[in-house]
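Right, one structure below, let's go through it.
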Amino acid sequence: MSMIDFQVIAASGEVSLFPLHLLGMFFGSLGLVFFLGAAVGLIRFPDFYTRMHAAGKGDTLSTMLMLTGFGLVTMEDFSLGSWLLFVKIMGVVLFIFIASPTVSHVLMRAASEDDEMPLTEADGKKSSNKGKKRN
Amino acid sequence: MYPVAVFLLLFLNWVVLSGKFDAFHLGLGVVSCLIVTYLSHDLLYHDRKKGLERRLLEAWSFLRYLPWIIWEVVKANLHVFKLAMTKEGYEEMSPRVVTFETYLKTDFAKFVLANSITLTPGTITMLIRGDVFHVHTMSQFLEDDLLTGAIERKVAEVFEPESLKKT
Amino acid sequence: MKNTSLIPVVLVGFLLFYASTDFPEWGDPQSPASSSPVSSHFIAKTGVDTEVPNMVTAVLADYRGFDTMLETVVVFIAGMAVLAILRNFSRKKPVKRGHEVSVEPDLIVTNTVRLVVPVIQIFSFYVLAHGHVSPGGGFQGGVLMGASFILIALSWDLERALTRFPINRCMVVAALGILLYAGIGVLSMALGGEFLDYAELEKVLPVSREMARYHAMLGVEIGVGFTVTAIMFALYANLSSRGRLEGGL
Amino acid sequence: MIEYFAIVMGAALLVLMIPVFYRIWVGPTSYDRILGVNVIGTKTAVLLVVIGTLYDRVDMFVDFAIAYALLSFVTAIVVSRYLNRTISQKEMETREKKAGT
Amino acid sequence: MGLEIINTLILLLLVVAALVALRVKDLITASVVFGVYSFLMCLLWAEMGAVDVAFTEATVGAGISTVVLVATIFNLKRKSSD
Amino acid sequence: MMENSIAWILLFPLFGAVLSSLLGMANRKVCWPIGVLSALGAFGAGIMTLIRVIDSPDHMVVYLFGGWTLDSFPRGVGIEFRADLLAILITLIVLGVGLCVAIYSKLPVEQETPEKEGFFYPLFLLQITGLAGICLTGDAFNLYVLIEVAALTGYGLIAMGSKRAAAATFNYVILGTIGASLYLLGVGYLYIKTGTLNMVGINEFIGATEGLKESPTMQVAFVLICLGILIKMAFFPLHAWLPNAYCHAPTATSCLLAPLVTKVMIYVMIRMVLTVFGVDFSFESTLWSSVLPWLVVIAIVSAAVMALAQREIKRMLTYLIVAEVGYMVGGVWIYNYYGMVGSIFHIISDACMTLCLFLGAGLILRKCKTTRFDGLRGLFSKMPLTMTGFFVGGFSIIGLPPTCGFFSKWYLITGAMVAERWEYMVALLFSTMVMVVLFFRLIERIHLAVNESGENLGKGHGDLGLTKEQTRFSEGPLTMLVPLLSAAAVVLAIGIYNQEFVDLIEIFLDPFDLPGEPLSK
């Protein structure tokens, strides 16, 4: 994907939507970066609760960004069909936007009611040490 | 009145999903929307006391609320990214549980508040018991941020403006 | 002893590998499966025979409609069998077991479910109705619909879901689904064709032979959807509460 | 070019799933595993759109993504409900023990 | 070409998912990890162009199978409480 | 009606099942009449089809679902049912047994699974649908679907019994699923290599294509399909699910499943060997055909020995079924004309005599509350008709003329002699001896005054050492007795008219090129 490719594409008549595609790709890559953050957090963080922060948030935004990016990338023209497709993809984004916090909350709640999962700061520190050793 | 609103919303949904505008498919859509409205109209708009104008107003102010929450989501991710990638961020971490009481009354407003808290940086709603929220936070300064009640005010502006006037 | 089960597994795996040495290339147009008259017919003539753009739906619901009817019957049997095994008709009030403490419905979950369930339901209808043009059809739509009721049961409790869709109505709907499917078949038989020969329905529908097949396929898919919806929910309701239809997960 | 982008995205997503799989593999608690599963669930929706882009039939594949987005939280809800129930069973037992002694 | 890369990656992850599902002791976790297997299976179907199968796998794997498994496991717990 | 009679064979029980599940919710009493009526309707349609098959010039009736006729579409576009003589004979056996058991089931169902008629009869009728469909279908994948229908209903019907039945069903579910999956894999491989699912289409393709016989994929497909079917038919080392499942099942269930399921699976094997893969492929180009006859010998001998060890009628009968499966598989795989005739004839006769035995055992269970040997003393004077029916089945299994078991065994032994498979013949004779021992031991218990340890308790002249109450005449109810006696009558009738059946089977076998021509030619 060098500059030459870009020029070829720009010359081949897809010019009208080229900026939109570029924006979509930017969004997609950004989503990938945030997913990287979430994945690293998922490995590095000491206990379940902190991992939940990483996964819950990183997952939501990266998914939203990537889907938005692909929504833009797949816009072929501004016909009704394209718009409907874009709206459908945004619908996916919306549902993930609703569902993801719910999942975070639900898992947090289940874990917090489990006696074996330490909650408070002092316990958390202890468990973080344990977690490090285990990993 | 509410069933009609639900029907219209569902039909909008159908049109977006279907993308076909011939009579046959639209007719199928009407039938399906009628069935779904019959099956589960009581799920949407749980609180039926509010009038139509009020609902429209809510929808409008909710739209204005969305950009803010999306910006918060971005900030939350940057925060997670910092914690995950840098050493300082990792050491800054001090998870704890914070409890506070909300003045929001309706279930839906509480739901929006809880999910907003979950989406904002470093906090996840853990438990709601009545009016009391138990929130898990990642570090000290986020906790302060939460207790000032900025999110709560934002949500109250959308769903319960009268509760703001009282305080 | 635990590892003895590996022996047949490895043996069958070896057989499968041995078989795959002779496979045609992936996507090879010259392979028997691609070049046989049957698949050529499906590819070339589906649109002509049935006016349905999605070949898979045409194959499922029309060319091999008898298979699909029996698959629907299989789903029906699954529900029937689970009910037959678990359903407990004893009048005696069941003893509440230790761990079946009722859990307060979670505010966040219930509100999410309120928002999502109507969308799932309309989406399931969309999937069912557009099986002809895009992937999907009765089974997928039915599963989604069943899942929406299961979601209600999960976020509040089973009783609340059962007031929306009582178990008796479940079984009626399931039976009606099969009756609809087989009924369309018998109707086409009564009009002079073979069983499931939808083209004969042109005599009662104001459309051409091809469109008769198209519409009959929709009817058949609706039948499948009915059965699958009802059975999925009945399965969950019975499995989660050991056939007592109260308490449970 | 869109194709290249989609391939790179898909491959990168799948590669980035490996850390998540690591988390599922080592645990240590079942909550961690469920967390990882949920992440993979949402990413599957994205990957379906990616594959749709590769086949140039996003209109078809987006339906699957919608299905996943709508149903993604079912697993988490059912598991947490199960855990809640069994936790309250534990609580009941300890309470009974206390009452007994 | 591109599809082959994705295909290979999915297959590798599929094997890992199957192994994890076998390795996990806890039944609940095993059934949840089995959900991952189903997600990846759906991707594989979609990638090979079997879209209807992929859709079925998506709806069943995400919506029903885990729920039914967990509901069954919930009732298997009987012995420990009685 | 006439030209659609094949479809009606399946549609009568299907609609009966749906109706009885619908109406059964309102009133449980209507389930039994619906069940009997739809079984009767299916039987009528079966008879009609048999008449059509015999009348048609090539002894074959083909029914194409969905109207995808052969002249305007290629073969295999739709699903077809092919009723040749073998298929329709086995179908009629299935339907006849179904009708018998449907009538018989009224009282046992009320007693053993109370308030569940609304679930029992739908599953029962769908079981008949599945088994009859397996016999008639001409499509390899449709066969799989029908196997699933039959298997799932079977699981449900068996598990409705006691708690131990549910545990036994679990084994059955696991093994049955493995068997069905192996079959499906085999069909998938067949499709890869031949591009069609139609049985005749596959056979034509194999005949027309060079080098397909040596293809590893085809060989593996054949082995997988055979393995799957062998698991489903409870061939000896894979039989573990059968004894527990059948003897803990409710009476009506075991009466329906025990005579039919294994036999229908052997029919499927014959169908695969003769119609799908063809004689050349099955017997000459695989290693399989040289291994299996020896497995058969082991199967027959060990199943017979295990039957000898049982102290309970139902359990003993289940092991006898396993031994009989060995007979029939052996008859197929000795690769001989007589063996094949014997095998097919034995399917028919074994279904009838197993039905007899299980119906009798059900009646005994109802009257004596036990089927253990020591509880049966003096039963003959109490219920002579039942015992007569039971022993007609027993003599047929031993192979005494004029029961049908004698003639089928005769053909099997002739086949073994002609093919010079002495080991198979010895196994057959050994197992016959074992069955003589088994049944005469039973006769001893039931007719004579011998207790469990073999000690004579009577004082001679028909006195059994029992009180008047214990020997008072007390037959079973009519709805149970009539099916049993008619089954016994059928066993005798098939024995007496055996030549007619063999003629039909010979007409069916005529086009296949098996070694050892019939004597009549």
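Each reported figure results from applying straightforward, stated rules to the coordinates on display, with no laboratory input. Every value quoted in this text rests on a predicted model; they were computed, and no experiment measured them. Neighbour counts run over all protein chains shown; Cβ positions are idealised from the backbone, glycine included.
Structure data summary
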{"item": "Debye intensity ratio I(q)/I(0), log10, the range A:16-128, q values 0.11, 0.14, 0.15, 0.17 Å⁻¹ (C-alpha model)", "result": "-0.48, -0.66, -0.72, -0.83"}
{"item": "For the range C:238-245, Karplus couplings with θ = phi - 60° (6.51, -1.76, 1.60), whole Hz, Gly/Pro x", "result": "7, 5, 6, 10, 6, x, 8, 6"}
{"item": "Cα-centred dipole magnitude for chain F, charges only on beta-carbon of K, R (+1) and D, E (-1), debye, nearest 20", "result": "2040"}
{"item": "Net charge dipole size for the protein assembly as shown [Lys, Arg +1 and Asp, Glu -1 on Cβ; Debye, nearest 20]", "result": "4960"}
{"item": "Within 10 Å of each Cβ in C:31-43, the average number of Cβ atoms from other chains", "result": "5"}
{"item": "Whole-number D in µm²/s for the range F:156-277 (Stokes-Einstein; Kirkwood sum over Cα pairs; 10 °C, 1.306 mPa s)", "result": "102"}
{"item": "Which of C:I7, C:L176, F:Y104, positive extreme of dipole for the protein assembly as shown (C-beta unit charges)", "result": "F:Y104"}
{"item": "Long-range HN-HN contacts of F:V61 with modeled amide H, under 5 Å", "result": "F:A83, F:D84"}
{"item": "Inter-chain Cβ neighbour average for residues B:128-137, partner chain, 10 Å", "result": "3"}
{"item": "Whole-Å semi-axes of the ellipsoid equivalent to chain C (Cα gyration tensor, √5λ, descending)", "result": "38, 28, 18"}
{"item": "Average beta carbon contacts from partner chains per residue of C:167-173, 10 Å cutoff", "result": "2"}
{"item": "Mean projected area (nm²) of the alpha-carbon convex hull when chain F is viewed from all directions", "result": "23.8"}
{"item": "Normalised alpha carbon radius of gyration of chain B [divisor 2.2 N^0.38 Å]", "result": "1.31"}
{"item": "Volume per residue of the C-alpha convex hull in the range F:365-432, rounded to whole Å³", "result": "100"}
{"item": "Degrees, to the nearest 10: F:498-509 long Cα axis against longest axis of chain F", "result": "20"}
{"item": "Separation between Cα centres of the range F:228-256 and the range C:112-154, rounded to whole Å", "result": "39"}
{"item": "Dimensionless Rg over Rh [the range F:363-402; C-alpha; Kirkwood]", "result": "1.02"}
{"item": "Among the listed pairs F:K232/F:K263; F:K116/F:K232; B:K50/B:K105, those beyond 20 Å (Cα-Cα)", "result": "F:K116/F:K232"}
{"item": "FRET efficiency estimate (nearest 0.05) - Cβ-Cβ, B:E157 to B:L56, R0 22 angstrom", "result": "0.90"}
{"item": "Phi-based couplings in Hz for the range F:152-167 (Karplus 6.51, -1.76, 1.60; Gly and Pro marked x)", "result": "5, 4, x, 4, x, 5, 6, 6, 5, x, 6, 5, 5, 4, 4, 5"}
{"item": "Gyration tensor (Cα) of the range B:1-61, equivalent ellipsoid semi-axes in angstrom", "result": "25, 14, 8"}
{"item": "Greater than 18 Å apart at Cα, pairs in B:K82/B:K110; A:K57/B:K82; F:K29/F:K367", "result": "B:K82/B:K110; F:K29/F:K367"}
{"item": "nm² value of the averaged projected area, convex hull over the Cα atoms of chain E", "result": "5.6"}
{"item": "Under the Karplus curve 6.51 cos²θ - 1.76 cosθ + 1.60, θ = phi - 60°, whole-Hz ³J(HN,Hα) for the range F:34-42, x wherever Gly or Pro sits", "result": "4, x, 5, 5, 6, 5, 5, x, 5"}
{"item": "Alpha carbon centroid spacing (whole Å) that separates the range F:290-304 from the range B:35-99", "result": "70"}
{"item": "Scattering curve values for the range D:2-71, log₁₀ I(q)/I(0), Debye with Cα scatterers, q = 0.19 Å⁻¹", "result": "-0.76"}
{"item": "Hydrodynamic radius by Kirkwood, which averages 1/r over all alpha carbon pairs of the range F:231-284, in angstrom", "result": "12.5"}
{"item": "Computed helical MRE - 222 nm, chain B, DSSP H runs ≥ 4 contributing -39500 (n - 2.57), nearest 500", "result": "-21500 deg cm²/dmol"}
{"item": "Rounded FRET efficiency, nearest 0.05, which uses the C-beta distance separating F:D280 from B:F24 and R0 of 56 Å", "result": "0.55"}
{"item": "Neighbour cut-off at most 13 other Cβ (10 Å), DSSP loop, chymotrypsin sites (Phe, Trp or Tyr not before Pro), the range F:205-286", "result": "none"}
{"item": "Of every Cα-Cα pair in the range F:138-193, the percent that sits beyond 14 Å", "result": "58"}
{"item": "Under-5 Å amide H pairs with B:M126, H placed in peptide plane, nonlocal only", "result": "B:H134, B:V135, B:H136"}
{"item": "Helical mean residue ellipticity (222 nm; -39500 (n - 2.57) per DSSP H run of 4+; nearest 500) of chain F", "result": "-24000 deg cm²/dmol"}
{"item": "Segments C:23-29, F:130-136 sorted - mean Cβ within 10 Å per residue, highest first", "result": "F:130-136, C:23-29"}
{"item": "Debye log10 I(q)/I(0) for the protein assembly as shown, one point scatterer per Cα, at q = 0.05 Å⁻¹", "result": "-0.40"}
{"item": "Spin-label model distance (nm) - D:K97 vs F:V482, 7 Å beyond Cα toward Cβ", "result": "6.5"}
